[in-house]
C-alpha cells in the first residue's frame with residue numbers, strides 16, 4: 001500500500017484512507033477492501049491545495065493579530081506569506097483539474113454545481129454532525145458556532 005490510498009468496502013460502502021501502512025490487507029464485513037485510488041498525484045494535489053489554503057487563512061489571521069499588537073513588520077511578512085500560499089494553492093488546483101478534466105479549470109456551470117453540492121453537504125451533514133459532537137462533549141459555545149455557520153451555508157448553496 002502506498003501513502004494516501006483509499007480503500008472501499010464493496011458490501012457496506014465504508015471508505016478508509018490509509019497513511020504510511022507497512023503492508024498487509026484491509027478488510028471490512030469479512031471481505032478484503034478494494035483500493036479505489038486511481039491517481040495518487042491527483043490525491044496529492046488536492047491535499048497540497050487544502051494545506052496551502054489553510055496556511056493562507058492561518059497567516060491572514062496571524063497578520064491581523066500582529067497588526068493589533070503593533071507588530072506591523074511581522075504583519076506584512078504574514079500577509080506576504082499568505083499571498084504566496086494563495087498562488088501555490090491556485091497552481092495546485094489548476095494542475096489537479098488539468099490531469100483530472102484535461103483542462104486547467106472547469107466551466108462555470110460545473111463550478112456552480114460543485115459549489116452548491118459542497119455547501120449542501122456542509123449545512124445538511126458536516127456542521128450538524130460537528131455541532132452534535134461538540135454538544136455531546138459539553139462544548140456548547142462551539143456547538144452554537146457550528147450551527148450558526150451551517151445556517152449561513154444554506155444561503156451559500158442558493
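Some notes on this structure:
- Residue within the stretch 112-124 that is touching a helix residue (DSSP H, G or I) at 6+ places or on another chain (Cβ under 7 Å) and farther than 28 Å from residue 90 by Cα present: no
- One residue stands out in the stretch 20-36 among those that are modelled with pLDDT of 80 or more and either touching a helix residue (DSSP H, G or I) at 6+ places or on another chain (Cβ under 9 Å) or at positive phi (or both): the one that is surrounded by the fewest Cβ atoms within 10 Å (Cβ to Cβ), namely 30.
- Failed item in (1) over 25 Å from residue 105 (Cα atoms); (2) assigned to a helix (DSSP H, G or I), with residue 91 passing the rest: (1)
- Whichever residue in the stretch 94-123 is free of Cβ contacts under 8 Å to residues at least 40 places away in the same chain, part of a helix (DSSP H, G or I) and more than 17 Å from the chain's Cα centre (by Cα) and, among such residues, is nearest to residue 52 (Cα to Cα): 98
- The single condition among (1) over 17 Å from the mean Cα position of the chain (by Cα); (2) more than 22 Å from residue 105 (Cα to Cα); (3) exposed (fewer than 13 other Cβ atoms within 10 Å of the Cβ) that residue 17 does not satisfy is (1).
The values are calculated or read from the model by the stated rules, or taken from the named source; none is laboratory data. Worth saying up front: this structure is predicted, and the values here are computed from it rather than measured. Cβ atoms come from the backbone with ideal geometry, glycine included; neighbour counts cover every protein chain shown.
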